[in-house]
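Asks: Below is a structure I'd like to ask you about.
The values are calculated or read from the model by the stated rules, or taken from the named source; none is laboratory data. Please read these numbers as outputs of a predicted model, since none were measured by experiment. Here the Cβ is made from the backbone with ideal geometry for all residues, glycine too, and neighbour counts use every protein chain on show. Heavy atoms of the whole protein, side chains included, go into the accessibility calculation; ligands, DNA and RNA do not. Shrake-Rupley method; radii C 1.70, N 1.55, O 1.52, S 1.80 Å.
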Amino acid sequence: MAAIFAAGFHDDVDRTLTRLAPEGTSYPFPEETRLPAAKLTSAIGGFLLGVFFWTLLNKLRWEIIRQLLKYRDWLYFPRSFKTKCWFMALSAFIPREKFLYTFQHVLPHYPLPTLESTCRKMLLTVEPLVTPDEFQEIKKEMKEFLKNEGPMLQAILEKREKTEDNWVADLWDKYAYLVNRSSLLYTNFCTDSAIEKSDLAECAPKKQSARAGCVVFHHLKFYEMIADRKLPPLLVQNLVPICCHRYRYLFACTRVPGLAMDELKTYENSKHIIVIRKGIMYKVNVYGSDSNGNESILSPRELQTVFQDIIDETEDITEVQWNPAVFTTQNRTLWAQEREKLMSHPSNKINLYDVESAILHIALDQSKPKRLSPHHVKNLTNEAWTNLCGGEFNRWYDKSLTCTVYENGLAGGNVEHTTADATLTSRVLEYVWANSKYDSEGNAFDQNAVSHPILTVPTKIKWDLEEFKLVIPKYLTHHTQMSHNLDMHALKLMQGKGEIKKCRVSPDSFMQLALQLTFYRMHKKAPKTYETAMTRFFKYGRTETIRTVSMHSLAFTKAMDDTSVSKSDCLKHLKAAMLHHNNYKLDAMNGRASDRHMFGLYVAAKFAGISPKIFNIKVANEYYDQLSTSQSPYLFDKHYADIIGLFPSGGGFAPQTEDGYGVYYLFLGENRMTIHITSYHSCAETSSQKFGQNLLQAMDDMKILLKKQNNTVLLHYEA
């Protein structure tokens, strides 16, 4: 800019600059080059000035988005004038092009509630679970905690909040999951094969190798979109972004056992998968070079050929071969000790790295889960149990994701829970089933896939297990006992949330109160209940607990079968309970519930070496819940709504207590639904099948109560 001014306003610029220059030099810009030089300098200056202002405006734009995303009342007051203005402002600044981590840097930090609000909410959730005398004792201890240890522990968390994007995220991973020493058989969750939209029948049968080819290919395409950060983020109401951090743990990730705490380990640039058939493990490189030398994923048809070769090679094997997968079903410390022994063998050490660093595992099971009962009623139960419990040597439970394809073409999966929650894996499965295609002969097909002249040759993994030949049978017996102790029962309902909406209530609140009524009718008490709430509106957010049980829900469950209570009073209690549930759910989604905060205070107490009495009260702080419930959306990417002709069928997980239940329910559109229920055979007081029957009766009774008429269309199901 100085040169431009000098050139334009000083006739003696040449003479001045020459006089100031060292002897023998001349001014570099003679008169005939002065104008072009000025124009060039002006252009460069203008460009730099433009870049500066563009960067400034872009930073300002993202700062505005950051501030807008801090507004949380849109969940509480979605139709308010303030919220409408907020939606308009946010939509004006949100960029059109959006990729996986576009919004990560502007997501709000996870809030830390006040100590007083958390203690107050905790007391509200505990009161319906104990006697009045017990509640007064808990209330007294909570008051002491607020006065003595609480403020010091709160100060520890406040310090974390100031230095961490999410004060609870790594604490939750470490101390809710990785420090747990129990078997992953009871902490992993499973997914089931897709079902037809029309009648919830099983999807069209395919050859095992063809189904496996499509399933693996599209899982790998999803993996590439995550790795390349090209996967579109999910936006609530097409506007509000949610955290995508957990996607990095979906693939090429393994939970590695430790003596006291496990480690979640990811592997970059992984190129292979592990295929398991009859206990024999194969390492398969899933990338190949095309005719131009470019590397890409093997096509679905090529993968089908590889899988068929493995099936043919193992066809005549009658006995399942031993491998260390059975170790992953055991206590975590025990498995860590056995893993150290395995690592002492050079070949086993290499094999362990191959198994743990794989993008995913796929089990080509020789079983055929039954979808038909003796009465020819469609059934999910057998498949769900098999997906969750698996074969003794066909599931590496530490692996983030194991796909399972059966001989009859059904395809499910098993997911390690530390790595991901159901919403993430459900989105992957939606992509897989929406894009899987087959030719007229039933072979896996994708018209955009690249072909490769040379196919991968699977490498059989050979284990040296001589040292373990005495303990493997013991572990095998233990796994079999644990598996057969799990009581799984799955339901298909030919009506769903559409029928519930006619009652003018929230479908989720309806289900939660139906579960409460069912449990009370069977066991004559209110259960400590867990329902998952998503907190991914915040950076590194994951889940919070919705506490369904309240004094209102207890009053409702007691009144429902009490003939001395009028139906109008029952209805009043029901609606009050639903209102409580809905408000608590919104608080949980906004980071304003009590469980994660109390968990953080508990961990802080461990760090500080103190043990407040409030943490010794079982009902107030026990992590395990007698009724553990969850649900997730059935549709994630809306452009698949008309493309895919299938519904997800859901999945299941084990109960958290010996005398409890695990319930996963999934609304499929307006008029379909599935429910998976688990309990333990070892508890004589529980039964998954009876719980399912009573749940359907409770749903019918509540619908009749809400509609105030006796001619309500009852819920019919296929079990």
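Asks: For helix 208-227, what angle does its Cα long axis make with the longest principal axis of the chain, in degrees from 0 to 90 and rounded to 10?
Replies: 40 degrees
Asks: Here's something else I'd like to know. What number, in percent, do you get for the relative contact order of region 183-486 if the mean sequence gap of Cα pairs under 8 Å and at least 6 apart is divided by its residue count?
Replies: Value for region 183-486: 32 percent.
Asks: Express in Å², to the nearest 10, the accessible area of Lys618 obtained by rolling a 1.4 Å probe over the protein heavy atoms while all chains stay in place.
Replies: Here the residue's solvent-accessible area equals roughly 140 Å².
Asks: Please list the non-local residues whose amide H lies under 5 Å from the amide H of Phe538, H modeled 1.01 Å from N, same-chain partners needing a gap of 5 or more.
Replies: Long-range HN contacts for Phe538: Cys243.
Asks: Let me ask another. With a bin width of 5 angstrom, please list the P(r) values of region 81-208 as percents of all Cα-Cα pairs, from the 0 bin to the one holding the largest distance.
Replies: Result returned by the calculation: 2, 7, 9, 9, 10, 12, 13, 13, 11, 7, 5, 2, 1, 0.
Asks: Based on DSSP H runs of at least 4 residues, each adding -39500 (n - 2.57), what is the mean residue ellipticity at 222 nm of the chain after dividing by all its residues, to the nearest 500 deg cm²/dmol?
Replies: Counting only the DSSP helices, I get -13500 deg cm²/dmol.
Asks: Tell me, rounded to the nearest percent, the portion of alpha carbon pairs in region 523-652 spaced more than 27 Å apart.
Replies: Tail fraction, whole percent: 40.
Asks: While we're looking at this one, here's another question. Looking only at region 352-476, where both bridge partners belong to it, what percent of the DSSP beta bridges are antiparallel (to the nearest 5)?
Replies: 65 percent
Asks: Further, regarding this structure: Could you check what % of the DSSP bridge pairs in the chain are antiparallel, to the nearest 5?
Replies: 80 percent
Asks: Find the Cα radius of gyration of region 160-242, compare it with 2.2 N^0.38 Å by division, and give the number to two decimals.
Replies: In units of the 2.2 N^0.38 Å rule of thumb, it is 1.64.
Asks: OK, next. Work out how far the C-alpha atoms of region 36-100 reach from end to end along every principal axis, then list the three figures in whole Å, largest first.
Replies: 62, 26, 15
Asks: Please work out whether region 558-600 counts as rounded, prolate or oblate from its C-alpha gyration tensor, where a ≥ b ≥ c are the square roots of the eigenvalues and a/c under 1.5 means rounded, while otherwise a/b larger than b/c means prolate and anything else oblate?
Replies: It comes out prolate by the Cα gyration axes.
Asks: Still on this structure, I have one more. On the accessible surface of region 36-100, probed at 1.4 Å, how many percent belong to carbon and sulfur atoms?
Replies: Carbon and sulfur: 71 percent of the exposed surface of region 36-100.
Asks: Under the 0.36 nm per residue contour assumption, what length would be gained going from the current alpha-carbon distance of Asp659 and Ser80 to full extension?
Replies: Fully extending the segment from Asp659 to Ser80 adds 204.0 nm.
Asks: Each residue of region 597-607 in order: what ³J(HN,Hα) in whole Hz does its phi give by Karplus 6.51 cos²θ - 1.76 cosθ + 1.60, θ = phi - 60°, with x for Gly and Pro?
Replies: Working through the residues one at a time gives 5, 5, 4, x, 5, 5, 5, 4, 5, 5, 4 Hz.
Asks: Considering the Cα trace of region 489-553, what is its radius of gyration and what is Dmax, both in angstroms?
Replies: Rg, Dmax (Cα atoms, Å): 14.4, 41.
Asks: If you don't mind, another one. Give me the 1.4 Å probe accessible area per residue for region 558-692, excluding ligands and nucleic acids, in Å².
Replies: On a per-residue basis, 41 Å².
Asks: Decide, for region 459-602, between rounded, prolate and oblate: order the square roots of the alpha carbon gyration tensor eigenvalues as a ≥ b ≥ c, take rounded if a/c falls under 1.5, and otherwise choose prolate if a/b is larger than b/c, else oblate.
Replies: Because a/c hits 1.5 or more and a/b exceeds b/c, region 459-602 counts as prolate.
Asks: Please report Rg (one decimal) and Dmax (integer) in Å for the Cα set of region 209-289.
Replies: Using the Cα atoms of region 209-289, the pair Rg, Dmax is 16.0, 47 Å.
Asks: Kindly state, to the nearest 0.05, the FRET efficiency for Tyr623 paired with Lys690, given R0 = 25 Å and r defined as their beta-carbon distance.
Replies: Rounded to the nearest 0.05, the efficiency is 0.40.
Asks: With N set to the residue count of region 460-516, report its C-alpha Rg divided by 2.2 N^0.38 Å to two decimal places.
Replies: Taking the Cα Rg and dividing by 2.2 N^0.38 Å, one obtains 2.26.
Asks: Which order do Trp335, Trp322 take by accessible area at a 1.4 Å probe, largest first?
Replies: Sorted by accessible area, descending: Trp322, Trp335.
Asks: How are the Cα pair distances of region 250-313 distributed, in percent, across 5 Å bins from 0?
Replies: Distribution as computed: 4, 13, 18, 19, 17, 13, 8, 5, 2, 0, 0 percent.
Asks: Direction-averaged shadow area of the convex hull around the Cα atoms of region 620-660, nm²?
Replies: Hull-based average projected area comes out at 4.3 nm².
Asks: From the phi of every residue in region 569-578, what ³J(HN,Hα) in whole Hz does the Karplus formula 6.51 cos²θ - 1.76 cosθ + 1.60 yield, where θ is phi - 60° and glycine or proline is x?
Replies: Karplus values, whole Hz, x for Gly and Pro: 5, 4, 5, 5, 5, 4, 5, 5, 5, 5.
Asks: Quick one: pull the percent of accessible area on region 126-194 belonging to carbon and sulfur, 1.4 Å probe, ligands and nucleic acids left out.
Replies: Within region 126-194, the accessible surface is 52 percent carbon and sulfur.
Asks: Largest first and in whole Å, what are the equivalent-ellipsoid semi-axes of region 114-273 based on the Cα gyration tensor, each being the root of 5 times an eigenvalue?
Replies: 42, 23, 19
Asks: Compute the convex hull volume of the Cα atoms of region 257-384, divide it by the residue count, and report the result per residue in Å³ as a whole number.
Replies: That works out to 179 Å³ per residue.
Asks: Assuming 0.890 mPa s and 25 °C, estimate D for region 576-719 with Stokes-Einstein, Rh taken as the Kirkwood radius over Cα pairs, in µm²/s.
Replies: 131 µm²/s
Asks: Given the Cα atoms of region 183-486, and with Rh set as the inverse mean 1/r over their pairs in the Kirkwood sense, what is Rg to Rh to two decimals?
Replies: Looking at region 183-486, the ratio lands at 0.95.
Asks: Okay, which of region 258-302 sit inside 16 Å, backbone N to the point 7 Å along the Cα-Cβ direction of Lys462?
Replies: Only 280-283 fall inside the zone, counting backbone N under 16 Å.
Asks: Let me ask another. Calculate the FRET efficiency for Lys221 and Ala92 from the Cβ-Cβ distance with a Förster distance of 35 Å, rounded to the nearest 0.05.
Replies: 0.55
Asks: On to the next question. What FRET efficiency do you get for Tyr353 and Phe607 if R0 is 35 Å and r is their Cβ-Cβ distance, rounded to the nearest 0.05?
Replies: 0.55
Asks: Ranking request for peptides 619-631, 170-182: highest mean number of other beta-carbon atoms within 10 Å first, then the rest in descending order.
Replies: 619-631, 170-182
Asks: If you build the convex hull over the alpha carbons only and average its shadow over all orientations, what do you get for the chain? Give it in nm² to one decimal.
Replies: Result: 44.8 nm².
Asks: Once all Cα-Cα distances of region 602-642 are split into 10 Å bins that start at 0, what whole-number percent is in each one?
Replies: Taking all Cα pairs of region 602-642, the binned fractions are 20, 27, 18, 16, 14, 4 percent.
Asks: Let me ask something additional. Would you tell me the accessible area of Asp561, worked out with a 1.4 angstrom probe on the heavy atoms of the protein chains, in Å² to the nearest 10?
Replies: 90 Å²
Asks: Taking a ≥ b ≥ c as the square roots of the eigenvalues of the Cα gyration tensor of region 361-464, is the shape rounded (a/c under 1.5), prolate (a/b larger than b/c) or oblate?
Replies: It is rounded, given that a/c, with a ≥ b ≥ c, falls under 1.5.
Asks: Tell me, in nm to one decimal, what length is gained between Asn582 and His681 on full extension, where the rule is 0.36 nm per residue of separation less the Cα-Cα distance?
Replies: Computed gain between Asn582 and His681 is 32.3 nm.
Asks: Still on this model: From the backbone phi of region 500-511, what are the Karplus-calculated ³J(HN,Hα) couplings (6.51 cos²θ - 1.76 cosθ + 1.60, θ = phi - 60°) in whole Hz, Gly and Pro given as x?
Replies: 6, 4, 5, 7, 6, 9, 5, x, 5, 4, 4, 5
Asks: Compute the distance in nm between two label points, each set 7 Å from the Cα along the Cα-to-Cβ direction, one at Lys437 and one at Val256.
Replies: 4.1 nm
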